[in-house]
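Nothing in this text is a laboratory measurement; each read-out follows from the coordinates by a stated rule. None of these values were measured; they are calculated from a predicted model. Cβ atoms come from the backbone with ideal geometry, glycine included; neighbour counts cover every protein chain shown.
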Amino acid sequence: MEISTFFPVWERLSSRQQAALSSAAFSRTVARGEIIHNADTDCTGLLLVESGQLRAFILSAEGREITLYRLFERDLCLFSASCMMRSLQFDVTIQAEKDASLRVIPAESYRKIMDESAPLSNFTSEVMAARFSDVMWLIEQILWKSFDRRLAAFLLEEAAIEGSPALKITHEIIGNHMGNPREVVTRMLRYFQSEGMVRLSRGTVEITDERALRRLAE
């Protein structure tokens, strides 16, 4: 996949700037479950997702995870290159949810072009603002939306991503995504099962009444 695919402002860069970004980028493949970037990593660089699926999450002092957002094909991740944003202090972990193929642009190389190109700088700011908007939306959901509605919405989102109502996912992984203990997830899923909305088996949650889940989520 060409680097230009990831940048709507590509044609507004000079040929020298285009060549600099293209030559700086290198390929990287990651396996499912691999940690690509975390708070202990110096600065991974700008991640461009050619295929696969990543997730960005934060980790509490108690070791509890909560997913901030997902990254899919043709998405790019700036938080993994947050060192180039001088005033940004944000500890986020990036993990591969599925085997993925990436292009990585070192932060310093990207920053040099961004500092001299207004279109690229504006585009970068827009991407960062969109990600912060995702995070703020998540905070609002946690603060104001009940857990049963959040869980219903999560299951529907997972089914849309996987293209199947049968989700190969454990209660612990769901808890990691949502920032809740596994026991709380299990209790609510059992309630959903008693209401006929899902069917539970080992390592699987199958949606059996999508309409009821959607009513609950909304």
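Structure notes:
- A viscosity of 1.306 mPa s and a temperature of 10 °C, combined with the Kirkwood radius over C-alpha pairs in the Stokes-Einstein formula, give the stretch 1-57 a diffusion coefficient of 118 µm²/s.
- About the Cα centre, charge dipole magnitude for the stretch 145-217 (Lys/Arg +1, Asp/Glu -1 at Cβ), debye: 180
- Helix 118-144 axis versus longest C-alpha principal axis of the chain: approximately 20°, rounded to the nearest ten.
- Tensor-based shape of the stretch 145-217 (alpha-carbon gyration tensor, a/c under 1.5 rounded, otherwise prolate or oblate): rounded
- For the chain, convex hull volume per residue from C-alpha positions, Å³: 131
- The residue among 196, 207, 166 whose Cα reaches farthest toward the positive pole of the charge dipole of the chain, with charges on the beta-carbon of Lys, Arg, Asp and Glu, is 196.
- Folded to 0 to 90 degrees: helix 182-194 orientation relative to the chain principal axis, Cα: 50
- Size of electric dipole in the chain: Cβ of Lys, Arg +1 and of Asp, Glu -1, about Cα centre, debye, nearest 20: 240
- Rounded D (µm²/s) - the stretch 85-144, Kirkwood Rh over Cα pairs, Stokes-Einstein at 20 °C, 1.002 mPa s: 152
- If the Kirkwood radius is taken over C-alpha pairs of the stretch 112-181, then at 25 °C and 0.890 mPa s the Stokes-Einstein diffusion coefficient equals 167 µm²/s.
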